[in-house]
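To start, the structure itself, in structure tokens.
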Amino acid sequence: MQLHEMLNHRRAVRHYAADKALDTEKVRYCLQLAQLAPSSSNMQLYEFYHITDKTALTQLAEACLSQNAATSAQQMVVFATRQDLYRERAQTVLAFNRDNLKRYTPPENQAGRLQKLERYYAKLMPFLYARGFGLLGILHKLIAHTIGLFRPITTNVSEADLRIVTHKSCALAAQTFMLAMAEQGYDTCPLEGLDSRMVKRILKLPRGAEINMIVVCGIRDGNRGIWGDRFRLPFTQVYRQI
């Protein structure tokens, strides 16, 4: 399918056919494609939990408030943010970029660019993503607003702001996954109505993990799981050209 066909085909399907199984490897491939979604500073502070085990599916359906989409799902993917891994991920991205510099940057420019990368990933990212009961965020904002008196600078740097950034990057991956699933002819429904504490307990997730959303997966059972025609506001109500 072309993009416009995938977008029109994709719906939030809330009931799946019990006799139409998904190919687990195809779903896994769609998750690999999801990793191609843009991620803030390429930090990729997320994890994908691909659920195929029947017992886990039943438990998670209960955690999703026993919604039809969850109880009839053939598989699920739990998208979780992992802001607690910021140091590890920053070092991984830095190591990759060091190698990138050697291969693609003229030798005379390598030292300067490497210095910028080192400052960004070894110092700035760990400083911004660290959490300290909100107090570090106050320090971040104080520094940003002071610098902002003299030049443009990002000022959304509180701990809450960085948490939002992390969830946005994870949500971009989830949307990419749903489009990839549509290309395979599979259906999905993103769920936010869930007991996140229960989900973390079922999956034995660490304290630093946060549930972004659960995407339930299957193949639509005719029109049973689609609630009529799709509604969107008139384009003129949301579009502004400056």
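The values are calculated or read from the model by the stated rules, or taken from the named source; none is laboratory data. This structure is a prediction, so every number in the text was calculated from the model and none was measured. Cβ atoms come from the backbone with ideal geometry, glycine included; neighbour counts cover every protein chain shown. Side chains are part of the model used for accessible areas, which takes the heavy atoms of the whole protein and leaves out ligands, DNA and RNA. Shrake-Rupley method; radii C 1.70, N 1.55, O 1.52, S 1.80 Å.
Of all the criteria given as (1) over 25 Å from Ile226 (Cα atoms); (2) crowded, with 19+ Cβ neighbours inside 10 Å, the one not satisfied by Leu22 is (1). All conditions but one from (1) within 21 Å of the chain's Cα centre (by Cα); (2) acidic (Asp, Glu); (3) within 19 Å of Pro190 (Cβ to Cβ) apply to Glu62; the one that does not is (1). Taken over the range 92-103, the criterion of being under 29 Å from the mean Cα position of the chain (by Cα) and not small (Gly, Ala, Ser) is satisfied by Thr92, Val93, Leu94, Phe96, Asn97, Arg98, Asp99, Asn100, Leu101.
Among residues belonging to the range 4-19 that are open to solvent by 100 Å² or more (accessible area, probe 1.4 Å) and part of a helix (DSSP H, G or I), point out the one that is farthest from Gly185 (Cα to Cα). Among those residues, the one meeting the criterion is His4. Does Ile211 satisfy the criteria of being outside any helix (DSSP H, G or I), among the hydrophobic types (A, V, I, L, M, F, W, C), closer than 30 Å to Asp23 by Cα and assigned by the TED database to the domain that holds Phe79? Yes. Screening Val93 against (1) out of contact with any Gly (no Cβ under 9 Å at 6 or more places or on another chain); (2) within 16 Å of Ile164 (Cβ to Cβ) leaves a single unmet condition, (2). In the range 41-57, of all residues being surrounded by 14 or more Cβ atoms within 10 Å (Cβ to Cβ) and not hydrophobic (A, V, I, L, M, F, W, C), the one that is farthest from the chain's Cα centre (by Cα) corresponds to Thr52.
Residues that are assigned to a loop (DSSP other than H, G, I, E, B), aromatic (Phe, Trp, Tyr) and at pLDDT 95 or above are absent from the range 163-184 altogether. Counting only helices (runs of 4 or more DSSP H) that sit completely within the range 58-146, those holding 1 or more residues that are open to solvent by 70 Å² or more (accessible area, probe 1.4 Å) and closer than 30 Å to Asp19 by Cβ correspond to 68-71. Residue-level analysis places Tyr239 among those that are open to solvent by 50 Å² or more (accessible area, probe 1.4 Å) and among the aromatic types (Phe, Trp, Tyr).
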